[in-house]
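The values are calculated or read from the model by the stated rules, or taken from the named source; none is laboratory data. Given the structure is predicted, the values throughout are model-derived calculations rather than measurements. Because the Cβ atoms are built from the backbone with ideal geometry, glycine has one as well, and the counts that use them run over all protein chains shown. Only protein heavy atoms, including side chains, enter the accessible area calculation; ligands, DNA and RNA are left aside. Shrake-Rupley method; radii C 1.70, N 1.55, O 1.52, S 1.80 Å.
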Amino acid sequence: EKYNETVASITANLDKFELGEAASSVYDFIWNTYCDWYIEMVKPRLYNKEDSTRAAALWTLKQVLINALKLLHPYMPFITEEIFCNVQNEEESIMIASWPEWKKEWDFKQDEKDVEMIKEAVRSIRGVRTEMNVPPSKKATVYVVAEDASVRETFEKGKIFFATLA
């Protein structure tokens, strides 16, 4: 969902010649969403060769990276072309590749809400650990208590990456 929103935002800003806004959006997406969160969240799946979702995680990482390069291309054409040609072989050149578009099948509003809830919990835990000078190597026991069953289910489904990140 975050990727879809970013594509729509950047495309709209470029159509209005709001180049600074578009650049800010692509920068924010690449660093604060893709690098800071998504890559970190999928690491447990990537390291586990037995995980049945590993291939899907790799495919998604690659697709989002390729499309992020396309979004960044107007600002950094030579660098994005070089990276693009080395990470994929489906398209000949980023210069003639199709521009990323918002896709209905990539619209996961509920999943985004669930991930945002877990990210907020991770930020809070990290904040408390920092305030208490707890080193990152020190393990902590975390209990998730919620009246809402959907909240408990969200944390149960995401417990692997929640534990890794928190």
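Straight-line cross-link partners of Lys16 among the lysines, defined as a Cα under 28 Å from its Cα and at least 8 positions apart when in the same chain: Lys2, Lys70, Lys103, Lys104, Lys109. Rounded to the nearest Hz, the phi-derived 3J(HN,Hα) couplings of the stretch 75-80 under the Karplus curve 6.51 cos²θ - 1.76 cosθ + 1.60 (θ = phi - 60°) are 9, 9, x, 6, 5, 5, where x marks glycine and proline.
Scaled against the 2.2 N^0.38 Å expected of a compact globular protein of N residues, the Cα radius of gyration of the stretch 62-152 reads 1.65.
Per residue, the convex hull around the alpha carbon atoms of the stretch 1-154 comes to 176 Å³. Under the criterion of Cα pairs below 8 Å and six or more residues apart, the relative contact order for the stretch 16-166 equals 23 percent. All other residues whose Cβ lies under 12 angstrom from that of Phe84 are scored, Lys and Arg at +1 and Asp and Glu at -1, for a net of -3. Taken about its Cα centre, the chain carries a charge dipole of about 820 debye when Lys and Arg each add +1 at the Cβ and Asp and Glu each add -1 at the Cβ. Find the centroid of the Cα atoms in the stretch 126-148 and in the stretch 1-31, then give the distance between the two in whole Å. So the two Cα centres are separated by 34 Å. Taking the protein heavy atoms of the stretch 1-100 in the context of the full set of protein chains, the accessible area attributed to carbon and sulfur is 59 percent at 1.4 Å. Partner aspartates and glutamates whose Cα lies under 15 Å from the Cα of Lys157, excluding those fewer than 8 positions away in the same chain, are identified as Asp51, Asp111, Glu112, Asp114, Glu116, Asp148. All other residues whose Cβ lies under 11 angstrom from that of Val64 are scored, Lys and Arg at +1 and Asp and Glu at -1, for a net of +3. Accessible area per residue for the chain, computed on protein heavy atoms with a 1.4 Å probe, is 67 Å².
Phi angles across the stretch 22-36 convert, under the Karplus curve 6.51 cos²θ - 1.76 cosθ + 1.60 with θ = phi - 60°, into 3J(HN,Hα) values of 4, 4, 4, 5, 5, 4, 4, 5, 5, 7, 8, 9, 5, 6, 5 Hz, Gly and Pro given as x.
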